[in-house]
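Input: a single structure, listed below in structure tokens.
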Amino acid sequence: AREVSLMKATGKLATERRYGAGGNASAHTGGVMSARKLEETEELKHAKVDKSLSKAIMQARTAKKMTQKELATAINEKPQVVGEYESGKAIPNPQIISKLERKLGCKLPRPGKKPAAKKTGGATTGGVGARGPPR
């Protein structure tokens, strides 16, 4: 060991440090979070049910004197689904929301639909129709 360190010091022996070689560190340590991981966690968040929707479902259900289980059975879903919608933890599904609307007999506030910009009458597509440019 002494000879090796002496040879390193004099420059007769060169060592290369390989990327990722050696060490007993796990790849899953939670110490340092890479920039890429940080980016991913911010971008990949699911849209949750809006509070106005969950409140509307709850009010409509109680007005009909139904339990979560009864409502779930009526729309062929699990009781947990109705519970998640009412607590605001569910990922909004337009099919389930329309089932709830039909069963509860009222319109529910739809999530994620922003008011569309009104189209101006003078704008044209420049000769490009719905099927593409003319041939």
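The values are calculated or read from the model by the stated rules, or taken from the named source; none is laboratory data. Small disclaimer: the values here were computed from a predicted structure and weren't measured. Reconstructed Cβ throughout: ideal geometry from the backbone, glycine too, with neighbour counts over all protein chains shown. When the accessible area is computed, the model is the full protein with side chains, heavy atoms only, and any ligands, DNA or RNA have been set aside. Shrake-Rupley method; radii C 1.70, N 1.55, O 1.52, S 1.80 Å.
Tabulated results
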{"read-out": "Residues of the range 45-85 satisfying the condition of being assigned to a loop (DSSP other than H, G, I, E, B) and within 15 Å of residue 105 (Cβ to Cβ)", "value": "64, 65, 66, 75"}
{"read-out": "When residues of the range 86-97 are limited to those that are assigned to a helix (DSSP H, G or I) and open to solvent by 60 Å² or more (accessible area, probe 1.4 Å), the one farthest from residue 110 (Cα to Cα)", "value": "95"}
{"read-out": "Subset of the range 98-119 that is within 18 Å of the chain's Cα centre (by Cα) and surrounded by 12 or more Cβ atoms within 10 Å (Cβ to Cβ) - its residue that is modelled with the lowest pLDDT", "value": "111"}
